[in-house]
1. Which trypsin sites (Lys or Arg not before Pro) in the range 435-542 sit in a loop by DSSP (not H, G, I, E or B) and have at most 16 other Cβ atoms within 10 Å of their own Cβ?
2. About the Cα centre of the chain, what is the dipole size in debye to 20, counting +1 per Lys and Arg Cβ and -1 per Asp and Glu Cβ, all else neutral?
3. For a quick protection proxy, order the peptides 381-387, 100-106 by their average other-Cβ count within 10 Å, most packed first.
4. Quick one: 3J(HN,Hα) in Hz for the range 195-208, Karplus 6.51/-1.76/1.60 with θ = phi - 60°, rounded, Gly and Pro as x.
5. For the chain, what does -39500 (n - 2.57) per DSSP helix run (n ≥ 4), summed and divided by total residues, give at 222 nm, in deg cm²/dmol to the nearest 500?
6. Past the 26 Å Cα-Cα mark, which pairs from Lys252/Lys379; Lys298/Lys505; Lys266/Lys330?
7. Name the long-range amide H neighbours of Ala211: under 5 Å, sequence gap of 5 or more, or other chain; modelled H, no Pro or chain starts.
8. Positive end of the charge dipole of the chain (Lys, Arg +1 and Asp, Glu -1 on Cβ, about the Cα centre): tell me which of Asn145, Leu502, Ile397 has its Cα farthest that way.
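The values are calculated or read from the model by the stated rules, or taken from the named source; none is laboratory data. Values in this document were obtained by computation on a predicted structure and should not be read as measured data. All Cβ positions, glycine included, derive from the backbone under ideal geometry; neighbour counts span all protein chains shown. Just so you know, the surface numbers come from the protein's heavy atoms only, side chains and all, with ligands and any DNA or RNA stripped out. Shrake-Rupley method; radii C 1.70, N 1.55, O 1.52, S 1.80 Å.
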Amino acid sequence: MKMKIWSRPTFLIIIIYLIAIPRVNSSPPSLSVPEHFLRCLDTQPADHGSPNSRTAVIPTNSSFSTNLMNGVRNLRFASASTRKPEAIVAAVTETHIRATLSCCKLLNLELRIRSGGHDYEGFSYTSPVPFVILDMYNFHKIDINMTDETVWIQAGASLGELYYNIASKSKVHAFPAGVCPKVGTGGHFSGGGFGNLMRKHGLSIDHIIDAQIMDANGKVYRDRRSMGEDVFWAIRGGGGGSYGVILAWKIKLIRIPEKVTVFKLKRTVKEGAVDLVWKWQQVAPVIDRDLFIRLEIKPINQKISKGKTIKVSFIGMFLGLPERLLNITKQSFPELHLTKSDCMVKKWIESTVFWANYPEKGPIQILLKRASTNEYYWKRTSDFVQTPISKQGLAKIFKTMIDHSPLPRRVWMQWNPWGGKMADIPSDATPFVHRAGNIFMIEHFMNWYRPGDELEEQFLAIARSFKEAMTPFVSKNPREAFFNYRDLDIGITTPGYNATYLGAKVYGDKYFKGNYLRLVKVKAWFDRTNFFRSQQGIPVLA
């Protein structure tokens, strides 16, 4: 058996740390794991003599709960039974990140990287084993170069900050990404990043032209050339958190008209929703690429007669003015009966406020708000549809939704059309594999508003039952899923170092299909010790 040889710097750090920590039987009593972590941070190289531990809080600090909850978007993961981190490090410099990595390795703690905290299963701030949160909140610098239409944006910046800063420089530039302004770019971009410009311009990752990443040893790769094209490929859709700490992205802006048009029409079943949704499936993926029409399908109580029905909202984004939009819908989707009075003309930045469901006349500065009020508990999942659903099938889905919706709690869905630019890009150009062949993506929602393990299981069971009922209508072999919409129900690996290629394949195939093997090979080269791991991480290749 070969003896492990430590590099001189690593050896010295370990010796210094071992000297610094007290012995178990010494006086005062031995330190707790969080206290060990703080002490370890201060044995690492620091900036200008300022202790690294100043950026960290542990459970005994009065501000610990506030720091934790500032990034918890789903109250399911705020219960007393949810394991809490040993520490939260709000890094300000790369030195703080490097010290955090070193101490997690020395103390055998898992690392969770949080940029916005919107991970659907809480992977950025929870773990079944002892862990530390590296909060990228302070890494939110945005540097725009309008000469070459590029932006360097740090991983802790939010989409709202990005949009606001772009609009402050130009009325005719934008970036294709999500409609939730509080989402962090670190996770959003590394999972793909889709939004209402996708049919014209594709995903966020299709416009990322460079990046910076720190590996498990604290080495920083300042550009794609230094990290290698395989790593650069992997972090654009394969989840950057499986490979290292994403520090920043370089993105290429897109050009848009100075004015865009948005609309929102609502139709119930009695108003022809079934026929309209059936027609939408035929039209939305192939209509003019400047037009994106999302469906929101929700059960509601009927106002006059007793019982429930389904209401479908048709929410549109058009890169142009109403006159051209109405010509397009009149020709391709006359059944929608869209009129000029339904159309709202806005600057692009104003349209982001509309899509975020912020107050209609609210100031665009609202996009800079990063903190969220945690008001409810939820479960989100995804599906892809590759064959139009018949009218009989739609009627069955609507009835099943009503049957699974104990109002005011309810299952509901968003259907987002594919096609356009999405069908032009090869499925292996990035890890995001869901390109041509899909006509729309479904996001499933279930919300509830009171705590309790029994109540949670009840509503999770409803959400799972409804998703099971959707099986005949969605992709098969595998049933595809969107990596940005994590779902533990499709499979997990054992916490720790035991993840294997075959063990992780149960979810790897659903998220990445044929791209999964290449992701594993990149992982085996760039993070061979599997330091960056989670229950749905990319494993090393055994």
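1. Details: sites: Arg435, Arg464, Lys467, Lys476, Arg479, Arg486, Lys505, Lys510, Lys513, Arg518, Lys521, Lys523, Arg528, Arg533; in loops: Arg435, Lys476, Arg479, Arg486, Arg528, Arg533.
Counting only loop positions with at most 16 other Cβ atoms within 10 Å, the trypsin sites (Lys or Arg not before Pro) in the range 435-542 are Lys476, Arg479, Arg528.
2. That gives the chain a dipole magnitude of about 700 debye.
3. So the peptides 381-387, 100-106, ranked by packing, come out 100-106, 381-387.
4. These are the phi-based 3J(HN,Hα) values: x, 7, 9, 5, 5, 8, 10, x, 8, 4, 5, 6, 10, 8 Hz.
5. Roughly -8500 deg cm²/dmol at 222 nm, from the helical runs in the chain.
6. Going by Cα-Cα distance, Lys252/Lys379; Lys298/Lys505 fall outside the 26 Å limit.
7. Arg224, Lys250
8. Of the listed residues, the answer is Ile397.
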